[in-house]
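Encoded as structure tokens, the structure appears first; notes follow it.
Every number here is computed from the coordinates shown, using simple stated rules; none is lab data. Please read these numbers as outputs of a predicted model, since none were measured by experiment. Cβ: placed from backbone, ideal geometry, glycine included. Neighbour counts: every protein chain shown.
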Amino acid sequence: SRRRHTRSLCDWSSDVCSSDLKVNNLYVVGWSFGTELALRYARDSRIKALILLSPPLIATEISDLEFWAKDGRQVVALIPEFDDYLVPKDAKIKFAPLKQVQLIMVDGAKHLWVGEPMVHRVLSEIVKVVAPNRLPLAEEI
């Protein structure tokens, strides 16, 4: 089934990162529909946190959120003010079962995170979770 193949791919990716690449701190970043896949399939215990960009929460089932709530690992969700699928006030309601979620409402942002200020914001929020000692990010090269 598609679900079994997707889970196998997630497990394989975690195995490659851990054993072949010797990466011990794994994080999953999903954008849009990728957030739905992360919530459902990225459950390997080696994954430290999920970072969700513009999560639509259309295909996400309550059981997906309940898994992460019970699991307790860090989940960060960036919610654009003008998202096409999930606006901030609805995000608070839909993510309610996931008590540890950190909802970051981003004023002026849209689903695609277009433009340098938005890209910098997204990258900064990812780095804040993955490698906070690397902040602030450079704004010019």
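Values for this structure:
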{"quantity": "Tensor-based shape of region 23-141 (alpha-carbon gyration tensor, a/c under 1.5 rounded, otherwise prolate or oblate)", "calculated": "oblate"}
{"quantity": "³J(HN,Hα), Karplus 6.51/-1.76/1.60, whole Hz, each residue of region 97-103, x for Gly, Pro", "calculated": "x, 9, 4, 8, 4, 9, 8"}
{"quantity": "Residue among Leu39, Leu26, Val75 farthest towards the positive dipole end of region 19-85, charges placed on Cβ", "calculated": "Leu26"}
{"quantity": "Electrostatic dipole magnitude of region 12-141 [Cβ: Lys, Arg +1; Asp, Glu -1; Cα centre; debye, to 20]", "calculated": "460 debye"}
{"quantity": "Sorted peptide list for 108-117, 78-87, criterion being average Cβ within 10 angstrom, highest first", "calculated": "78-87, 108-117"}
{"quantity": "Anchor Lys89: lysines whose Cα lies under 19 Å away (excluding residues fewer than 8 positions away in-chain)", "calculated": "Lys99, Lys110"}
{"quantity": "Ranked packing of 54-62, 66-74, most packed first, by mean Cβ within 10 Å", "calculated": "54-62, 66-74"}
